[in-house]
Amino acid sequence: MPSCWRRSLRQRSGFIKASGLTRRLLRANSHLQIRFAGALLGPVVALLLISAVQAQQRALPLNVLRSGIEFSGSDVRSMQSDDLANPGFLWVERGEKLWNDSTGGSSCASCHGDASASMRGVVARYPAFDAASGTVLDLEARINDCRVRRQKQNPLPRESDDLLGLTAYLALQSRGMALAARIDGPAGAAFDRGRAFYSQRHGQMNLSCAQCHDQNWGKRLYAETLSQGHGNAFPAYKLEWQTLGSLQRRIRACLFGIRAEMPPPGASELTDIELFLAWRAQGLPLEAPGVRR
Amino acid sequence: MTAPLSRTPVSRRRLLQSAGAWALVSPLLAGASAAAAQEMPAIPALTSFLAGRSPRRERLRLDLPTLADNGQAVPMRLTMAGPFAPGPTVRAIHLFSEVNPVPEMAVFEFPIPPPKVEIDSRVRLAGSQRVVAVAVMSDGALFAAVAEVIVTIAACLDGS
Amino acid sequence: MADSRINVPAATRRDEAIEVRISIRHAMETGYRTDEGGKPVPRNVIRSFACRYNGDPVFAVRVSSGIAANPYFRFFVTARESGTLDFEWIDDAGARGTAQAAVKVV
């Protein structure tokens, strides 16, 4: 069996491992066994490959995906749908100013020009593998990478108004576009880690993300309705925070809620989870700037 | 090990088990149509402001959600039927909170007669409570409106 | 930081109502929060907001901590002549914010 098929099947789904027959067939080193197995294996593997690529072992099939806005009350919905009342736009305007600000030497605009053209669709593909740094970067890390490497400026702290402003401004350029992060190739390892984290139990409450957001979304937790836990509306103005915040902040908040240790802002585990979430929410439109309770 | 979340949909058992918030909902929903006749809460700051006067419970309308998404920002609308000129006009609308540490929430002032009174803002509510709006006219007349809001705490603590 | 964002209609007929909307960036610290180290964050909220139409006061708000962070106000003023709406707000620390919007009356 071609080695490239084997690698991609392992990455994209766990279910090739389940079949004992398949394992035995893969390990077959006898010429006769391979030829015999090949006759059976061909159509079986073809089916597995097609279903692996299409089904992707999703706990939530693509056709049942619902954005968090559908689990929000009318207060939140009315704030998000009104661009003047949406407080997130205060940060969008800050980001736009920063984009064009060259007091530090060079502005973002000096390389990228008009963001509404050059940045269109970019945030919808994040987090993304960055060849130069050899790792998966979320949007915040990507901006800082640019600032340090190319603009020779200091990185912006996570959750600072400046970094939130830039991420909000850039997210706006992908407003309404379907999330489409890539998990193949070099992004695969980060995706696998994020997926594993999502399904593991954490914290004193010993809960996994999957238990609330895959298995019990739509049900009540005290007075709130559990959402599916997508990150398609970040950075978001969260009423509880009384300010705009990143998806990493939201993930950390959830971990605090189940009494688990929060990785520090910028930790690679958080980026792994962001990548998994982006894949999980594939197809949902980016809401920018989001408003959540 | 924590038991997994119940798989049963919201049932009477769960409603009864929940905190007081749910206990407030049923009678409130039943009495929603009678919201206009909400009793004025006894707020010391309001009492001293009224100084014995009795506002009329008409003409001024205070809209707040019955159940707020989050007490930190609750959309509010004040409307008042005109006319505001000629004749007595509205000078100010005061907002009082029953439960907030600072009971005087805001005063909307009209130096000249407005074309219409429709004011939107977002208020902070420190918990479930009644909010009182009192409009003061140029001839001294007072109109009041009362709204009741349920404010629940977040399901999970947020230490981010 | 964008201190504020304003929205007024492109044009209004004379004597009709101009819908004015403003969103202001301000944390409106109540004084009841504590920071990460457990220290109380001092109170600092906008205490006054005023709108002038070609210099004449037309709307004002005496604000307290009961108004949410990043305050939003929507109100109506009568269209007179074309000109400028001036907005001003002052917080507990004495910091002053201002903004302007052109009004066109036809």
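Numbers below:
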{"item": "For A:A233, residues with placed amide H under 5 Å, excluding near neighbours", "result": "A:E287"}
{"item": "Karplus-derived HN-Hα couplings along the range A:273-282 (A = 6.51, B = -1.76, C = 1.60, θ = phi - 60°), whole Hz, x at Gly and Pro", "result": "5, 4, 5, 4, 4, 5, 5, 4, 9, 3"}
{"item": "Eligible lysines near A:K152 by straight Cα distance, threshold 25 Å, same-chain separation 8 or greater", "result": "A:K97"}
{"item": "Overall Cα dimensions of the range A:66-293, principal axis frame, Å, largest first", "result": "50, 40, 29"}
{"item": "Eligible lysines near C:K104 by straight Cα distance, threshold 24 Å, same-chain separation 8 or greater", "result": "B:K116"}
{"item": "In the range A:172-265, the GluC sites (Glu not before Pro) that fall in loop regions by DSSP, at most 15 other Cβ within 10 Å", "result": "A:E261"}
{"item": "Mean Cα-pair separation over length for the range A:116-201, i.e. relative contact order, pairs under 8 Å, 6 or more apart, %", "result": "39"}
{"item": "Under 5 Å, built H, 5+ apart or other chain: amide partners of B:M105", "result": "B:L95, B:F96, B:S97"}
{"item": "Amide H contacts of A:Q153 (H built 1.01 Å from N, under 5 Å, at least 5 apart or other chain)", "result": "A:V148"}
{"item": "Karplus-derived HN-Hα couplings along the range C:50-65 (A = 6.51, B = -1.76, C = 1.60, θ = phi - 60°), whole Hz, x at Gly and Pro", "result": "9, 10, 10, 10, 6, x, 8, x, 10, 7, 8, 9, 8, 9, 9, 5"}
{"item": "Partner lysines for A:K219 [C-alpha distance under 27 Å; skip if fewer than 8 residues away on the same chain]", "result": "A:K238"}
{"item": "Globularity ratio of chain C, using Cα Rg and 2.2 N^0.38 Å", "result": "1.23"}
{"item": "Computed E for A:N63/C:V41 - FRET, C-beta separation, R0 30 angstrom, nearest 0.05", "result": "0.05"}
{"item": "Shielding score for A:86-93, defined as the mean number of other chain Cβ atoms within 10 Å", "result": "5"}
{"item": "Counted charge near A:A132, where neighbours are those whose Cβ lies closer than 12 Å (Asp, Glu -1; Lys, Arg +1)", "result": "+1"}
{"item": "With at most 11 neighbouring Cβ atoms within 10 Å, loop trypsin sites (Lys or Arg not before Pro) (DSSP) excluded, longest segment of chain C", "result": "C:15-106"}
{"item": "Pair-distance profile P(r), taking every C-alpha pair of the range A:169-211, with 10 angstrom steps and integer %", "result": "24, 28, 35, 14"}
{"item": "The range A:225-293 - Kirkwood radius from inverse mean 1/r over Cα pairs (Å)", "result": "12.5"}
{"item": "³J(HN,Hα) computed for each position of the range A:89-95 - Karplus, 6.51 cos²θ - 1.76 cosθ + 1.60, integer Hz, glycine/proline x", "result": "5, 4, 7, 4, 5, 5, x"}
{"item": "Cα gyration tensor, the range B:28-159 - rounded (a/c under 1.5), prolate or oblate", "result": "prolate"}
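Since every read-out is calculated from the coordinates, none of them should be taken as a lab result. The structure displayed is predicted, hence computed values, not measured ones. In this analysis, Cβ positions are derived from the backbone assuming ideal geometry, glycine residues included, and neighbour counts consider all displayed protein chains.
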